[in-house]
Structure formats: C-alpha cells, structure tokens
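Notes for the one structure printed next.
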Amino acid sequence: MHRIIVIGGGAGGLELATRLGDKLGALRAAPAAQVILVDRNPTHIWKPLLHEVAAGSMDPFTHQLEYAAQARWHGFEFQQGSLIGIDRSARTVQIGAVLDQEDGTVLLPERTFSYDTLVVAVGSITHFFGVTGAAEHAIALDTVAQAERFRRRLIAACMRAQGGVSDEVVANLGAETGVAANVPPGRIEIAIIGGGATGVELSAELRATAHVLGSYGLHRLDPMNDIGITLIESGERLLPALPERVSTSTTELLRKLGVQVCTNERVTEVKPDALETASGKTFHADLTVWAAGIKAPAILAQLDGLAVNRLGQLNVRPTLQTETDDNVFALGDCAACAWPEQNRNVPPRAQAAHQQASFMLKALEARVAGRPLPTFQYRDFGSLVSLGHVSAVGNLMGGVIGGNMLVEGLFARFMYMSLYRLHIAALHGWPRMILDTVAHWLRRSTLPRVKLH
Ligand SMILES: Cc1cc2nc3c(=O)[nH]c(=O)nc-3n(C[C@H](O)[C@H](O)[C@H](O)COP(=O)(O)OP(=O)(O)OC[C@H]3O[C@@H](n4cnc5c(N)ncnc54)[C@H](O)[C@@H]3O)c2cc1C
C-alpha cells in the first residue's frame, strides 16, 4: 500500500494527516494509503495562540490535542520523534530517539521508515538575524515551553517590582525564580522587538494581563503606568505586510492601550536588562521578546541535497513537490512557494498552511490514484490581528466582499476567533467543534482570566 509520511503536526501537517486518514486511511472499508504523522511533541497546539499563552490569557493544557488519540480517531498512525535525516534514493526517513525529560533514558529508539510520499511540514523558528545577545537574552515564541517561560517570568517580575518578595515566595506561587532580579521596585519594562502580527498581538494582550494580575492582587502596580510595554519595529510602520490604513489604525489603538510604539529603530544588541538600537538609543527592558522574523529549522538544509532558499525553506514547485525530488513535498512555513501575482513567496501564515493542506489532500488523492497532480494557487483572504480580548483589526479581501475592506473592533475580533474555530472544525468536524466551543465557554466561568501558576 502507498505509504505517506507527514513530518510535523502543526497548523498544516495535522490538518493534512487527519483529512488524509479520513479519506484514504485505515478506517476506510478499502484503505488506499497508510498515513503516518511524525512530530517531535506528543501534543498539538495551534501556533497563533502562543502570544495568548505567553500573556497567560490562555491555558495551553486545555487547548492541546493528543496526536495519538487524533490518529486513532482518524485512521492514521502517529510516531513521536524529530526528523533527523532522509535517504532519497532508498526513500527512507530517519526519526530521532525520544528521551525521558526527567532522567534522559531512551523512551523510543531512533527509527527509520520507508515512504512512497514524504510531506515536510515542520514550520519555522525565530530568526535572530545574528543580533548580539538576542538568542541569549530575548525570549522567542516558537513553542509552548517558551511561551510558558515568558509568562512565569512576567509574574515573577510583577511580584518583584513591588519589592520585598523572596525567591521562596515566588517559587511557591509557581513563578520562575532567579530572573528579573534586577527589576527596580515600582516599575517593569517589557520590550517586544518586531512590529509584525505577533509583536502587535502580544503587546495588546500584555496590557490586559497587567490589569488582570493587578485585580488578582499579584501586584500593586498601576497596570497602565507602572508596567511599560514598548514595541520596537525597524521599518517605517507596524504590520509592514498589511495595508497602510490597517497599520495606522493599529498604531492608534495600541497607543490608547498605553503601548509605546517606536518605528525606524533597528535593534543592534540585546543585553540582560536593555536594548541598543542603530540610532544610538538605549531602551531599558526587564523582559524582552523577539518577534522579528522567521527562518526554517536547520535540519532542512541537511536533507540529502534538497534545495533550500536563504531562509532555509525547501524550494517547492506549484505542485508543492520539492524542486529536487518528486517524492518529497513541503507545505506551510517551511516551504518556499512562489506567489506569482505578488512577485514574492506565499507568506508564512496559518491561512497559507491551511490552504496548502487542503490542496495537498487533493494532490495526494490524485497521486495515489495515478492521476496527474494539480497546481496550488494561494488566495489571500486578508489578515486579522488581535488587539486583546475585545478588539481586532485587519483587512478582509476577496470576491465575497469585493476588494479590500478594513475591519475593526468586536466584529474583527469575532472573525479572528473564527480562524481558530475553523482549524478545530478541520480537525474534528463541525459538531465536535461546536461542542468544544461551548465546553471552553462554560469552563471560562470557573477559571481565572490569567493563568497564575
Ligand atoms: C505568536 C504567533 C502568532 C501568530 N499569529 C498568526 C495569526 O494570527 N494568523 C496567521 O495566519 N498566522 C499566525 N502565526 C503564524 C502561524 O502560526 C504559522 O504560519 C503556522 O503555524 C504555520 O503552520 P505550519 O504547519 O507550517 O507549522 P507549525 O504550525 O509551526 O507546525 C510545525 C510542527 O512541526 C513540528 N516540528 C518542528 N520541527 C520538527 C522536527 N524536526 N521533527 C518533527 N516535528 C517537528 C512542530 O512540533 C509543530 O507541531 C502566528 C505565529 C506565532 C508564533
């Protein structure tokens, strides 16, 4: 039987494995393919939620999905482990061992699987552009662990800023000890580098978190004046990939939230408690987040000669087959896929990963049946950026609304929330998505608005 291996169970890869399993997999009366999903983690979380995890407004553990269970429900197989290599002539893929996080013992050994079709969907990682001190002193938001680490540091900094709190007290409340020890009493400065969607969304979310933490008694600071949030962007305006009016509107809304927006400031060095910029300015920062760019994971440049671009993404053709090998496909953030209408590549967005997963389902059905492959065309439906829990801003595009429309406020927030719900519907179907939404809504009434431990 034709064996399809999907590496990476993220926004694109998990949707693809789920829908491939449903259409061709083991639960069909006459299965047409064996589908295997590989991910380095045992659980999936939709990456666009990570800024909410970092701000504490979302508990990742209530939104994670177990790959093994999803595999059982949808007729595919799950293998945990990291992609470490492929052999293109033998058509095999090597998956690294899984170690126990506590004592390092081997839980699963290194494994090799043969494939007929390999789909690489490993996403992206933060690009620090070689800026001095950035990797050491700034937190990136690529994983749940990093987002959780930021949240713990934020709580620790808030507690320390009011003075007189010992490491023991901080530790008892579950926050990270030994960090932000230099926070002066009475004030916290948070710097976010990168004025794209992630930086903007995190800035707005953090302002709301500052208010909630204060209302729970975690600090006695003035949430608006004593918790400084500075968003630093090297370009002329925020959200450079979106139309100018979205950027203007976002800047105004952030300023109303008390976020200091600094454009035309290129960060040249990150220190433990400050940032230097090319214009010679110094910004004091107790906590720094780096949200200024992405690149593909380094392993892709070592995949038996598959061609990559300068960001390390796999170069793909319009069929999403890699430039080098007909049997290896790539999608999502890790693929460099041309967008001829805009003379650039398809942007690294969940929307693109979702569209490519839907396309790949049809393409692989055709491939298994021996029919010619279709070609992928990206459709830009616009972009929405969340500005806290009651507002969002963005532009909607496409045939239905006839052009490009600015949307703001609650309606935009509702549209933004529906993106995640569409992902859940793609994974579970509409009835379970509705149940899941109701369940989360009911649970909210018994949970704190910010995760505290
Ligand atoms: C904070 C934040 C906010 C965002 N907000 C938005 C938004 O509002 N709208 C939007 O469209 N996009 C947003 N994005 C971008 C969006 O998350 C990505 O474009 C999208 O997740 C890409 O999907 P993907 O399937 O390519 O990769 P991912 O969703 O990143 O999934 C990659 C998967 O591969 C796995 N993996 C990685 N390396 C390996 C390996 N070596 N071996 C095995 N498995 C591996 C990972 O564990 C992960 O499960 C945001 C991103 C961030 C960080």
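Observations
- Note on the chain: with charges restricted to the Cβ of Lys and Arg (+1) and Asp and Glu (-1), its dipole about the Cα centre is near 1080 debye.
- 5 angstrom amide H check on GLU269, placed H, neighbours 5+ away: GLU276
- Contact order, relative form, for region 10-84: 42 percent (alpha carbon pairs under 8 Å, 6 or more residues apart, mean separation divided by residue count).
- Per-residue HN-Hα couplings for region 216-233 [Karplus 6.51, -1.76, 1.60; θ = phi - 60°; Hz; x = Gly/Pro]: 8, x, 6, 8, 10, 7, 6, x, 8, 9, 9, 10, x, 10, 10, 10, 10, 10
- Prolate/oblate/rounded call for region 1-103, Cα gyration tensor, a/c under 1.5 rounded: oblate
- Protection proxy ranking, highest mean first, for peptides 264-272, 5-13: 5-13, 264-272, where packing is the per-residue count of other beta-carbon atoms within 10 Å, averaged.
- Sequence ranges 150-161, 346-357, ranked by mean other-Cβ count within 10 angstrom, highest first: 150-161, 346-357
- Charged side chains reduced to their Cβ positions (Lys and Arg at +1, Asp and Glu at -1) give region 212-336 a dipole of some 300 debye around its Cα centre.
- Here the dipole of region 328-453 is about 380 debye; that uses its Cα centre as origin and unit charges on the Cβ of Lys and Arg (positive) and Asp and Glu (negative).
- Whole-percent carbon and sulfur share, accessible surface of the chain, 1.4 Å: 54
- Per residue convex hull volume, Cα atoms of region 34-171, in Å³: 167
- Spin-label pair ALA307/LEU27, simplified geometry with 7 Å Cα→Cβ offset, distance in nm: 4.0
- Leading residue at positive end of dipole, region 1-43 (Cβ point charges), from MET1, LEU14, GLN34: MET1
- Of all DSSP beta bridges in the chain, antiparallel share, percent nearest 5: 50
- log10 of Debye I(q)/I(0), alpha-carbon scatterers only, for the chain at 0.06, 0.08, 0.09, 0.14 Å⁻¹: -0.27, -0.48, -0.62, -1.43
- Residue-by-residue Karplus 3J(HN,Hα) for region 356-361, coefficients 6.51, -1.76, 1.60, Hz, glycine and proline x: 5, 5, 5, 5, 5, 4
- Using the 1.4 Å probe convention, the accessible area of region 256-312 works out to 47 Å² per residue with neighbouring protein chains retained.
- Under the Karplus curve 6.51 cos²θ - 1.76 cosθ + 1.60, θ = phi - 60°, whole-Hz ³J(HN,Hα) for region 32-41, x wherever Gly or Pro sits: 9, 7, 9, 10, 10, 9, 10, 9, 6, 9
- Taking the centroid of alpha carbons for each part, region 114-156 and region 7-22 are 21 Å apart.
- Gyration tensor verdict on region 235-363 (Cα atoms; rounded if a/c is under 1.5, prolate if a/b is larger than b/c, oblate otherwise): prolate
The values are calculated or read from the model by the stated rules, or taken from the named source; none is laboratory data. Predicted model only: the values in this text are computed from it and were never measured. Counting neighbours? That spans all protein chains shown, and the Cβs are built from the backbone with ideal geometry, glycine included. The protein model used for the area step is the full one, side chains on, heavy atoms only, and it has no ligands, DNA or RNA in it. Shrake-Rupley method; radii C 1.70, N 1.55, O 1.52, S 1.80 Å.
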